[in-house]
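I have a structure I would like to understand better, so I am pasting it below and will then ask my questions one at a time.
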Amino acid sequence: MGRCAVFQGDDSSYLAFQKALHRIRPLGGVSSDFLRYYFEYLHVTGGFSEFVTGSTIKHLPQQQLKRLPVRVPSPNEQRRIVAALEEQLSRLDVARGTLQVTIRRIDRYLQATLHRMTATYPSAQLREVLASGLTNGRSVPTRAGGFPVLRLTALAETYADVTQYKEGDWEEDDARPFLVQQGDFLIARGNGSISLVGRGSLVRDTSFSVAYPDTVIRARPDVRKVLPEYLRIIWSSLAVRRQIESKARTTAGIHKVNQKILAAVEFPLPDLAAQRDVCDQWSKIEQQSRHLARTVAVSERRSAMLRRSLLSEAFAGRLVPQDPADEPAAALLARIRAERDAAGVPKSRGRSARRATARRESGPEAPPPPRLDTLPLTAATQPTLDLEIPS
């Protein structure tokens with residue numbers, strides 16, 4: 001649905017959706033903490049989906065946000081909900097922080113181990129260990145039934161996934177100079193993330209013919225000098241990453257490298273026998289680290305599911321007990337509306353005559369998005385409060 005973040009400051013709740021930031025300042029009787037958790041609940045359960053606009057990039061305009069109904073319980077119940085969520089979610093936050101520390105420790109362990117295994121060997125530049133020069137791929141439009149060309153997503157962290165391809169607007173004869181072979185090392189020319197530019201993936205699967213695109217630079221190792229598997233391993237080292245990231249250029253927010261930058265990258269290069277030893281040892285270490293990473297990933301998914309479950313229970317009225325002595329929700333809503341009227345909060349501005357004319361000329365107006373009646377708080381009859389967003 002798009003990136004969304006909710007947070008609190010002073011007496012307001014803030015909703016950041018993509019690049020837009022909305023400040024929502026509730027009137028008396030509605031807690032900004034309560035709103036913050038309510039917005040997070042809508043985000044994780046897809047409650048904003050009926051109110052966002054745009055097809056490729058999703059937006060949540062202010063006018064749409066104002067139409068979002070908010071289920072409002074009594075102030076006492078709001079406090080109970082917030083207190084229960086803070087107690088439970090704080091534990092999840094601590095656990096999630098521990099998982100993130102674990103991931104960083106795994107990465108540091110791998111980098112330290114690789115450095116220890118290779119630091120004593122002399123260095124060589126990438127250009128010195130290639131069977132042929134670095135080669136850029138070709139930009140190919142999409143055409144159903146055309147010859148396959150890899151997507152940039154095919155460059156996984158270790159091995160290239162040749163099943164990640166599109167059908168290109170060319171024939172096999174045109175694609176022949178760009179066909180990948182077993183042992184080819186494919187390097188990403190650009191990426192929006194500095195940590196992904198220059199990422200390399202080794203081609204192992206050549207069960208069918210596929211070409212590489214212009215977003216990729218192909219390096220074909222000379223197996224008399226460097227084992228393709230060793231090149232894959234050493235390319236992930238911290239020393240190589242530092243060289244790539246320090247020399248990458250930025251254009252329109254995209255980090256890029258070229259053949260000249262990549263050809264000059266240096267790395268330790270032992271003889272072939274020592275390279276085989278490194279590969280054998282690294283295979284066992286990598287297997288263990290992957291097992292740990294999978295365990296951490298499963299724990300993170302469980303944490304996210306538990307957080308979503310807690311928020312869903314809270315705003316379904318099942319996380320905290322009900323108290324008959326609480327102020328009725330209808331009375332609270334009437335008091336809030338009276339306070340809003342007394343404060344002179346302006347109503348939403350009507351549509352301008354020019355916009356209304358344009359609407360009539362463009363055709364019938366689309367029906368409004370449905371209200372979130374499927375997201376009750378305490379009961380199906382719980383009153384709703386329209387949002388008021390300060391200008």
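Would you check which residues across region 245-266 are more than 23 Å from the chain's Cα centre (by Cα) and either assigned to a helix (DSSP H, G or I) or of a type in the set (Phe, Trp, Tyr) (or both) and list them?
Scanning region 245-266 gives SER246, LYS247, GLN259, LYS260, ILE261, LEU262, ALA263.
Taking the condition farther than 20 Å from ASP214 by Cα, touching a helix residue (DSSP H, G or I) at 6+ places or on another chain (Cβ under 9 Å) and buried (at least 16 other Cβ atoms within 10 Å of the Cβ), does VAL257 pass?
Taking the combined requirement at face value, the residue does not satisfy it.
Ok, one more. Does ARG308 fit the bill of being in contact with a helix residue (DSSP H, G or I) (Cβ under 7 Å, 6 or more places away or on another chain) and basic (Lys, Arg)? Steps first, please.
Values: in contact with a helix residue (DSSP H, G or I) (Cβ under 7 Å, 6 or more places away or on another chain): yes; basic (Lys, Arg): yes.
Yes.
Could we say that ALA297 is under 18 Å from LEU126 (Cα atoms) and exposed (fewer than 14 other Cβ atoms within 10 Å of the Cβ) here?
It is false that ALA297 is under 18 Å from LEU126 (Cα atoms) and exposed (fewer than 14 other Cβ atoms within 10 Å of the Cβ).
Residue pairs, Cβ under 6 Å, 6 or more apart or interchain, first in region 295-314 and more than 17 Å from PHE39 (Cα to Cα), second not small (Gly, Ala, Ser). List them.
Every condition considered, the pairs that remain are VAL296/LEU99; VAL296/THR102; VAL296/ILE103; SER299/LEU99; GLU300/LEU99; SER303/LEU92; SER303/ARG96.
Could you check region 243-264 and list, in sequence order, the residues that are charged (D, E, K, R) and under 14 Å from GLY200 (Cα atoms)?
Selection gives GLU245, LYS256.
Among the residues of region 104-151, write down those that are over 28 Å from SER209 (Cα atoms) and of a type in the set (Lys, Arg).
ARG104, ARG105, ARG108, ARG116
To continue, here is another question. Could you count how many residues in region 41-73 are assigned to a loop (DSSP other than H, G, I, E, B) and among the basic types (Lys, Arg)?
Counting residues in region 41-73 that are assigned to a loop (DSSP other than H, G, I, E, B) and among the basic types (Lys, Arg) gives 2.
Working carefully through the options VAL240, VAL203, VAL223, find the one that is surrounded by fewer than 17 Cβ atoms within 10 Å (Cβ to Cβ) and at pLDDT 95 or above. Give the derivation first.
On the way: VAL240 fails: surrounded by fewer than 17 Cβ atoms within 10 Å (Cβ to Cβ); VAL203 fails: surrounded by fewer than 17 Cβ atoms within 10 Å (Cβ to Cβ).
When all the criteria are applied, what remains is VAL223.
Criterion first (touching a Lys or Arg at 6+ places or on another chain (Cβ under 9 Å), assigned to a helix (DSSP H, G or I), at pLDDT below 95 and of a type outside the set (D, E, K, R)) does ALA304 satisfy it?
Yes: the conditions hold for ALA304.
Of all residues in region 246-287, how many are in contact with a strand residue (DSSP E or B) (Cβ under 6 Å, 6 or more places away or on another chain) and of a type in the set (Val, Ile, Thr)?
1
The values are calculated or read from the model by the stated rules, or taken from the named source; none is laboratory data. For clarity, every value in this text was computed on a predicted model and none was experimentally measured. For neighbour counting, all protein chains shown are included, and Cβ atoms are generated from backbone atoms with ideal geometry for every residue, glycine included.
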